[in-house]
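The values are calculated or read from the model by the stated rules, or taken from the named source; none is laboratory data. Just so we're clear, the structure is a prediction, and the values are computed from it rather than from any experiment. Don't worry about glycine lacking a Cβ; one is built from the backbone with ideal geometry, like all the others, and counts go over all protein chains shown.
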Amino acid sequence: METRKGFLTPEQESKIDDLIKLSGIAETFDGMAIRLADNYGLEALKNKIPEDVLPIVYEVIDQIFDALPEK
């Protein structure tokens, strides 16, 4: 089973990192920034969503990521 600390699975975080192309030093740190934003920033937001609604949110996120192009 995929582990979500925030809203995204590790695979989804990686997919975003692959889709975002930055130059120079920013490219080195963008993956870390995505993980931190999801795992800490969005995790705080997730804690405010009722538990019975979270599966619906996850399904929407999963559908969006399924529609994104592969690298």
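Annotations for the structure displayed:
- Top-ranked residue of segment 47-71 - restricted to ones that are at pLDDT 90 or above and of a type in the set (D, E, K, R), ranked as surrounded by the most Cβ atoms within 10 Å (Cβ to Cβ): Asp62
- Residue ID - nearest to Arg4 (Cα to Cα), chosen from residues in segment 14-41 that are surrounded by 12 or more Cβ atoms within 10 Å (Cβ to Cβ) and of a type in the set (Lys, Arg): Arg35
- Those residues of segment 1-59 which are more than 15 Å from the chain's Cα centre (by Cα), among the hydrophobic types (A, V, I, L, M, F, W, C) and more than 25 Å from Glu70 (Cβ to Cβ), in sequence order: Ile25, Ile49, Val53, Ile56
- Hey, Ala44 among the small types (Gly, Ala, Ser), exposed (fewer than 13 other Cβ atoms within 10 Å of the Cβ) and outside any loop (DSSP other than H, G, I, E, B) or not: yes
- Among residues of segment 32-52 that are within 21 Å of Leu22 (Cβ to Cβ) and of a type in the set (A, V, I, L, M, F, W, C), those with a beta-carbon under 7 Å from a residue that is in a helix (DSSP H, G or I) and at pLDDT 90 or above at least six positions away or on a different chain give the pairs Ile34/Glu13; Ile34/Ile16; Ile34/Asp17.
- Segment 60-71 - residue that is under 14 Å from the mean Cα position of the chain (by Cα) and of a type in the set (D, E, K, R) and, of those, nearest to Thr3 (Cα to Cα): Asp62
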